[in-house]
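Novice: Below: one structure in structure tokens.
What follows is calculated from the coordinates using simple rules that are stated; it is not laboratory data. What you are looking at is a predicted structure, and each value in this text was computed from that prediction instead of being measured. Methodologically, a virtual Cβ is constructed for each residue, glycine included, from the backbone with ideal geometry; neighbour enumeration extends over all protein chains shown.
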Amino acid sequence: MFSTEVVHEIRKIQIPVEVEPSKPFWAAPSKSGIFTTKSAFKTITQGAECNDPEDELAGKRIWSLDLHNRLKLFIWRTLFDALPTKGKIGLLFQIQESNCSFCNFQVEDAHHLFLGCPFTERVWLLSKWQVRLHPLSHLSLREWFLHITAPDSNFFPDRSIRQEFITTWAITLELIWRERNSRVHDNETHAPEEIARTALNKSIDHCTAWIAKKSTEQINCAWSPPPPGWIKINSDVSFKDDKFVAAFTIWDHLSTLISTEAREIFASDPFVAELKAIRMAVSKIHTDNVEHAILESDSAVAVKWIKNKDEEIDQAALIDVQEIRKILGKKA
């Protein structure tokens, strides 16, 4: 049955005196024989190729966007139908309600949630761009994305607004999903007007941050002390465990820390929290009768609300803005 050579090799095998119990061994590409998520992924995708050119193109364009990685990941989940909508969950588990969390008329899937729901249509129409979804009803979310991100897209009357629109588009998608989750899990609702306004403010802040980032790629941007006879106040907020903490620091021209204060505050969103931190800072210089002060904040939206009296201000921020203007007016 076996040749002499094979028999010779078999006889070389050492049989242990004590028999060890059998144990599972991961036979996939793993040197240790231990199961890992990485080795499982390699096994599943081994030899797999992206057969749909549209999938590959969408993926490349998503990761090349000038957006925060969190937004890129959300866009990817949205375009590749990876969001846990009621309709998707209903295909896997038996649930009592699978209709849209907004209109309750149709099954909740990604296309209806972001393009077909009357509530969502209202949000898009109230946006800065006054997007009307009806002409886009024949498009899927992915087709819409590929259309607006195409290098030769005729979607925009002016290419200079392309980045701003894509940013607002991505933020609006995320805010619609957050509103959906707020209604499903927290029983909290917000009007389309509020969502559209929040999307605009976040878009302004996002675009400002990216412009600042690009402008400092060749410029060494560093904190500098105020001139002699002046003080500098830096304000900021942090968010942790569902709580905002506002803080400010005061420095002199020798970069000596004069004073600092931190306080837990209540705020409806990060922009309002930034305003409260600025209000704390200007109240301090008012109390101390400081005549010459430089105030720095990293929130472009908050600064814009304070400086531009013609700017439409979120009602939640109005009192803080008015108080800051009042104090600064006395110092002028």
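Novice: Arranged by the count of other C-beta atoms within 10 angstrom, fewest first, what order do LEU295, LEU139 take? Present the calculation step by step, with values, prior to reporting the outcome.
Specialist: Working: LEU295 18, LEU139 15.
Taking fewest neighbouring Cβ atoms as first place, the list is LEU139, LEU295.
Novice: Within region 112-154, which trypsin sites (Lys or Arg not before Pro) sit in a loop by DSSP and count at most 12 neighbouring Cβ atoms inside 10 Å?
Specialist: Of the trypsin sites (Lys or Arg not before Pro), the ones in loops of region 112-154 whose Cβ has at most 12 other Cβ atoms within 10 Å are ARG132.
Novice: May I ask for the equivalent-ellipsoid semi-axes of region 231-331, computed as the square root of five times each C-alpha gyration tensor eigenvalue and listed largest first in whole Å? Intermediate values should be presented prior to the final figure.
Specialist: On the way: eigenvalues 90, 62, 23 Å².
In descending order, the three semi-axes are 21, 18, 11 Å.
Novice: Over the alpha carbons of region 52-138, what is the largest minus smallest coordinate on each principal axis, giving the biggest first in Å?
Specialist: 40, 34, 25
Novice: If you take the square roots of the eigenvalues of the alpha-carbon gyration tensor of region 258-310 and sort them as a ≥ b ≥ c, do you get rounded (a/c under 1.5), prolate (a/b over b/c) or oblate?
Specialist: oblate
Novice: Within the set of other residues whose C-beta is less than 14 Å from the C-beta of ASN234, count the net charge using Lys and Arg as +1 and Asp and Glu as -1.
Specialist: -4
Novice: Estimate the FRET efficiency between GLN163 and SER32 by the formula 1/(1 + (r/R0)^6), using the beta-carbon distance for r and 51 Å for R0, to the nearest 0.05.
Specialist: Approximately 0.60, to the nearest 0.05.
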